[in-house]
Amino acid sequence: MPPSQPRPAEANWSDTFFDDDYVSTLDMPGSKKTRLEVEFMYSQLNLKPEMKVLDIGCSDGRHAVGLAQKGVAMQGIDTSVPFLLIANQMAQEAGATATFIKKDMREFTPASPLDALICFGGTFGYFSDAENLELLKRFHSWLVPGGSLLLDVMHRDYIVGQLPSRMWWEGNGCMVMDECYFQYADNRLMVKRNAAFSSGKQRNYQLTVRAYTLREITDLVESVGFTIVSTSGTVYSPGAFTGMLSPSIMLVLQK
């Protein structure tokens, strides 16, 4: 199989990719997992009420809403209109104050420096290596001196032991199958998703995401001026990284 290519560099590719049909295929985490992730973010970033925090690629807003309920001044950006509609509805139902904006992370600039940034759940790594590096530089520039970034990336050493794989599940009005492969030439996970909807419609999706070794991502974040405060492999064991047993690399970085 030839090496895959990163998603196109055009700023608007995700406008149509993460549409209503795609959202229907997702098996979203439950409230218990969400609460655990929110507590992880709050404690690892040492957040306090009134701190200004941006959730980059906020998806359905569940983390932003959870943190807003703790008094954090939350803002979320995403390019998916369906996700943003869900996020706004979730905030309204929870009585939480959070602002959600449709914006590509490569084009966003905050109105004022932020206390913390969150880039979680596979959000980082969709683009080329050059674009990913530029994004880290942008993230660094958005923070106040001493501000923090929680960066969650896919752990290459774990992923290669799990692939290739094929998974099935039931989405919202559809049956979904993912076929996952690893592209060793460029260290990217390739996902082919096929969805069959109850209406008879079928959709096929394909995306690739960059996976990193701990050394790779460490060198990358330090090259743009970040200092690593802590490294975790899962939200279940904050501050602990267990090598090939850790599915993610979750870095708390300080400007």
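Per-structure values
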{"quantity": "From the options 195, 185, residue that is in contact (Cβ under 8 Å) with a residue 40 or more places away in the chain, under 23 Å from residue 134 (Cβ atoms) and of a type in the set (Gly, Ala, Ser)", "calculated": "185"}
{"quantity": "Complete set of residues in region 108-124 that are modelled with pLDDT of 95 or more, within 17 Å of the chain's Cα centre (by Cα) and of a type outside the set (A, V, I, L, M)", "calculated": "108, 119, 120, 124"}
{"quantity": "Selection within region 172-201 - surrounded by 12 or more Cβ atoms within 10 Å (Cβ to Cβ), modelled with pLDDT under 90 and over 20 Å from the mean Cα position of the chain (by Cα)", "calculated": "172, 173, 174, 175, 176, 194, 195, 197"}
{"quantity": "Matching residues, region 135-165, being among the hydroxyl-bearing types (Ser, Thr, Tyr), farther than 20 Å from residue 239 by Cβ and at pLDDT 95 or above", "calculated": "141"}
{"quantity": "Boolean, residue 220 is touching a helix residue (DSSP H, G or I) at 6+ places or on another chain (Cβ under 9 Å) and either buried (at least 16 other Cβ atoms within 10 Å of the Cβ) or at pLDDT below 90 (or both)", "calculated": "yes"}
{"quantity": "Subset of region 130-160 (residues that are closer than 13 Å to residue 226 by Cβ and in a helix (DSSP H, G or I))", "calculated": "133, 135, 136, 137, 138, 139, 140, 141, 142"}
{"quantity": "Hits in region 60-89 (condition: over 16 Å from residue 37 (Cβ atoms) and part of a helix (DSSP H, G or I))", "calculated": "81, 82, 83, 84, 85, 86, 88, 89"}
{"quantity": "Test for residue 227: is it in contact with a helix residue (DSSP H, G or I) (Cβ under 9 Å, 6 or more places away or on another chain), at pLDDT 95 or above and not charged (D, E, K, R)", "calculated": "yes"}
{"quantity": "The listed residue being closer than 30 Å to residue 204 by Cα, part of a helix (DSSP H, G or I) and modelled with pLDDT under 95, out of 27, 21", "calculated": "21"}
{"quantity": "Selection status of residue 211, surrounded by fewer than 12 Cβ atoms within 10 Å (Cβ to Cβ) and touching a residue at least 12 places away in the same chain (Cβ under 8 Å)", "calculated": "no"}
{"quantity": "Close pairs (9 angstrom Cβ cut-off, 6 or more residues apart or separate chains): in the same structural domain as residue 56 (by TED's automatic domain parsing) in region 70-93, among the hydroxyl-bearing types (Ser, Thr, Tyr) and assigned to a strand (DSSP E or B) anywhere", "calculated": "73/99; 74/99; 75/99; 76/99; 91/99"}
{"quantity": "Sole exception among (1) surrounded by fewer than 16 Cβ atoms within 10 Å (Cβ to Cβ); (2) of a type in the set (Gly, Ala, Ser); (3) under 14 Å from residue 251 (Cβ atoms) for residue 148, by number", "calculated": "(1)"}
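Per-residue answers, yes or no, for (1) in contact with a strand residue (DSSP E or B) (Cβ under 8 Å, 6 or more places away or on another chain); (2) under 19 Å from residue 157 (Cβ atoms); (3) not in a helix (DSSP H, G or I):
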position: 205; (1), (2), (3): yes, no, yes
position: 221; (1), (2), (3): yes, yes, no
position: 234; (1), (2), (3): yes, yes, yes
position: 250; (1), (2), (3): yes, yes, yes
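The values are calculated or read from the model by the stated rules, or taken from the named source; none is laboratory data. Treat the numbers as computed from the prediction; the structure is a model and nothing was measured. Here Cβ is always computed from backbone atoms with ideal geometry, including for glycine, and neighbour counts include all displayed protein chains.
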